[in-house]
Amino acid sequence: MSFPPSATPLDDVQRVLCVFAHPDDIDFGAAGTVARWVDAGLEVAYLLVTRGDAGGFDDTPREQMPILRESEQRAAAAAVGVKQVEFLDGYRDGILTPSIGLRRDITAAIRRFRPDRVLTNSPLRRWDRIAGPSHPDHLAAGEATTCAVYPDARNPFTFTDIGLEPWTVREIWYSGGPAPDHLVDVTDTFPRKLAALRAHVSQTSHLTDLDATIEARLAMVAAAGGLPAGRLAESFSVFSTA
Ligand SMILES: [Zn+2]
């Protein structure tokens with residue numbers, strides 16, 4: 001199963017809500033693009049479903065991990081100019097499902113922030129890269145967010161107890177899915193993406209050559225998408241949800 005070809009992105013977007021399973025998902029997949037949106041004057045907010053409590057690679061006490069990773073994500077957001085960062089409570093890293101409760105919580109965030117565009121994890125698995133992009137938490141967050149975009153947030157008769165007006169999100173972007181075909185040139189914002197990734201100390205400090213690895217990956221994406229040599233890109237699948 002794959003995505004159909006991407007739509008042409010909207011040109012009148014004012015607010016973007018990024019909903020991801022774990023701290024660092026946004027930064028590996030999309031921080032260069034987010035930095036461009038911030039530079040263009042878009043209002044961008046992050047909603048993290050978990051605090052990444054099952055992550056890490058050292059002997060940090062486990063009870064410290066969610067606190068640490070929340071602060072790392074806030075620092076990473078600041079590195080690309082994003083000021084609004086929220087975390088949901090009650091969801092554990094590693095065992096996320098696209099539950100009605102999660103759809104309700106994401107719907108509440110959408111109705112509060114009223115985004116034109118939502119960026120989220122891909123709900124489709126990449127069979128060629130099961131490890132990493134296709135973590136089951138990513139698939140669950142992508143699926144729950146898609147359901148919140150349509151029909152939950154816009155349906156006035158769904159989750160009426162939230163007490164917020166319905167809201168129609170007009171466009172959804174997926175990160176980390178199969179065969180992404182919408183490229184964003186992030187050459188100019190690459191240093192800020194790196195700063196954001198380095199802010200996730202518990203996740204990236206053990207990686208030797210983080211800079212070179214990420215640069216090579218983004219160069220490959222740019223080259224595969226036909227951008228000139230020397231350019232770097234992030235890639236997505238983009239669809240209308242109006
Ligand atoms: Zn993740």
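Of note:
- Being modelled with pLDDT of 95 or more, more than 14 Å from the ligand (Cβ to nearest atom) and in contact with a Phe, Trp or Tyr (Cβ under 8 Å, 6 or more places away or on another chain) holds for only one residue in Gly101, Gly41, Gly32, Gly81, and it is Gly32.
- Matching option when the condition is of a type in the set (Gly, Ala, Ser) and out of contact with any Lys or Arg (no Cβ under 6 Å at 6 or more places or on another chain), among Ala35, Ala40: Ala40
- Yes/no for Gln84 being among the polar types (S, T, N, Q), surrounded by fewer than 20 Cβ atoms within 10 Å (Cβ to Cβ) and within 20 Å of Val38 (Cβ to Cβ): yes
- The requirement of being exposed (fewer than 14 other Cβ atoms within 10 Å of the Cβ), under 16 Å from the mean Cα position of the chain (by Cα) and assigned to a loop (DSSP other than H, G, I, E, B) is not satisfied by Gly230.
- Boolean, Asp59 is surrounded by fewer than 24 Cβ atoms within 10 Å (Cβ to Cβ) and within 14 Å of the ligand (Cβ to nearest atom): no
- Residue within the stretch 151-165 that is open to solvent by 30 Å² or more (accessible area, probe 1.4 Å) and closer than 30 Å to Met220 by Cα present: no
- Selection of first residues in the stretch 19-32 that are touching a residue at least 24 places away in the same chain (Cβ under 8 Å) and of second residues that are of a type in the set (D, E, K, R) and within 9 Å of the ligand (Cβ to nearest atom), restricted to Cβ pairs under 6 Å at least 6 apart or on distinct chains, gives the following pairs, ordered by first then second residue: Ala21/Asp137.
- The selection criterion, being within 28 Å of Arg129 (Cβ to Cβ), within 16 Å of the ligand (Cβ to nearest atom), open to solvent by less than 30 Å² (accessible area, probe 1.4 Å) and within 15 Å of the chain's Cα centre (by Cα), does not hold for Leu17.
- Scope the stretch 99-113; condition more than 17 Å from the chain's Cα centre (by Cα) and either assigned to a loop (DSSP other than H, G, I, E, B) or of a type in the set (Phe, Trp, Tyr) (or both); matching residues: Ser99
- When residues of the stretch 188-227 are limited to those that are in a loop (DSSP other than H, G, I, E, B) and open to solvent by less than 10 Å² (accessible area, probe 1.4 Å), the one farthest from Arg125 (Cα to Cα): Thr189
- Taken together, Ala153, Ala199, Ala144 contain a single residue that is at pLDDT 95 or above, over 22 Å from Glu70 (Cα atoms) and of a type outside the set (Ser, Thr, Tyr), which is Ala153.
- Identity of the residue in the stretch 117-141, touching a Ser or Thr at 6+ places or on another chain (Cβ under 9 Å), within 11 Å of the ligand (Cβ to nearest atom) and modelled with pLDDT under 95, that ends up nearest to Gln14 (Cα to Cα): Pro133
- Tally of residues being open to solvent by 10 Å² or more (accessible area, probe 1.4 Å) and closer than 23 Å to Thr213 by Cβ across the stretch 23-53: 5
- Restricting Leu47, Leu96 to residues that are under 26 Å from Ser205 (Cβ atoms), assigned to a strand (DSSP E or B) and modelled with pLDDT of 95 or more narrows the list to Leu47.
The values are calculated or read from the model by the stated rules, or taken from the named source; none is laboratory data. These figures come from a predicted structure and were not determined experimentally. Here Cβ is always computed from backbone atoms with ideal geometry, including for glycine, and neighbour counts include all displayed protein chains. Note: areas computed on protein heavy atoms with side chains; ligands, DNA, RNA excluded. Shrake-Rupley method; radii C 1.70, N 1.55, O 1.52, S 1.80 Å.
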